[in-house]
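Read the structure below first, then the notes.
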Amino acid sequence: MRRTASLLLFVSISIAAPAVAQDARVYGGAAWTGYSQSHAQDERLGGTKSSVSTLFGVWIAPRLAVEIEPDFGPTFSSDYSYNPGPSVQVHVVTSRRDTSVMFHARSRVWRLEPVFGIGVVHGRTARHATFINGSPYFDDESSDNTFALDAGLDAPVAVAPHVQIFPTFRLLAAPRATPADLILSQTATGAIVLRYGVGARVSF
C-alpha cells in the first residue's frame, strides 16, 4: 500500500513539475500602441499619437508573474507668439515627452492576463523661442518625475512555440503636482494616459 501511494505521489509530481516549469518562464516583448494623453482646455499639450513599449518578466507561479514595462511616449508640442517689447515679436514652441517605467504584477484569468502596477513617469520639457526673423531668443529645458499607477489587460494568442501576439490596453494615472516654474506650467498635461494597440511576446 505504501509503495503504491509513493508511486502515485512520484507520478503526480513528475507530471506536475513540467507544467509548473513551463509556466515559470522568462519572457520579453514589445508593443506598438496609440497613446492618448488627456489635457484640459488650459493645458496646451495633449492628444493622441503612437508610442512603443517593451516588456520583460518572469512567471513565478502558474497564475502570477512579475515584470517591468518601460514605455517611450511621443513628443507633444504647441506654439504661441507674444511681444516682449514694442515692435518685437517672439515665437515660442513648447514640448513635452514622458517616459514611464512601470513594475507590474500579471495574472491569468482564462485566456486573459490583467496587470496592475506602480512606477514613475519621467517628463522632459522644453521651450524654444525665436524672433520673427528666425534668430534665437531663448531655450529652456526642464524635467520632472511623477509617481504613477496603472492597470491593463492583455489577451495573448499563440502563433508559434514560445511566441504570442496580443491586443493590449493600459490606463495610467499620474497625478500632476502644481507646476513650480514657468516652463512646467506651459508644458502641463492631464493626469490620465490611455494606451491601446498590439504587441508580441517571446518566452524563454
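Here are the numbers for this structure:
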| quantity | calculated |
| --- | --- |
| Sites HIS162 and GLU141, calculated FRET efficiency, Cβ-Cβ separation with R0 41 Å, nearest 0.05 | 0.45 |
| Distance (nanometres) between label positions extended 7 Å along Cα→Cβ at GLN41 and LEU194 | 2.1 |
| Residues of region 43-81 with amide N under 16 Å of a point placed 7 Å along Cα→Cβ from VAL109 | 63-65 |
| Ranking of ARG96, ARG106 by count of other Cβ atoms within 10 Å, fewest first | ARG106, ARG96 |
| Euclidean distance of C-alpha centroids, region 81-106 and region 37-64, integer Å | 20 |
| Value of [θ]222 nm, deg cm²/dmol, for the chain, DSSP H segments ≥ 4, -39500 (n - 2.57) each, nearest 500 | -4000 deg cm²/dmol |
| Gain on full stretching of the segment that runs from GLN89 to ILE132 - 0.36 nm per residue minus C-alpha separation | 14.9 nm |
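No lab work stands behind these numbers, since they all come straight from the coordinates. Values in this document were obtained by computation on a predicted structure and should not be read as measured data. For neighbour counting, all protein chains shown are included, and Cβ atoms are generated from backbone atoms with ideal geometry for every residue, glycine included.
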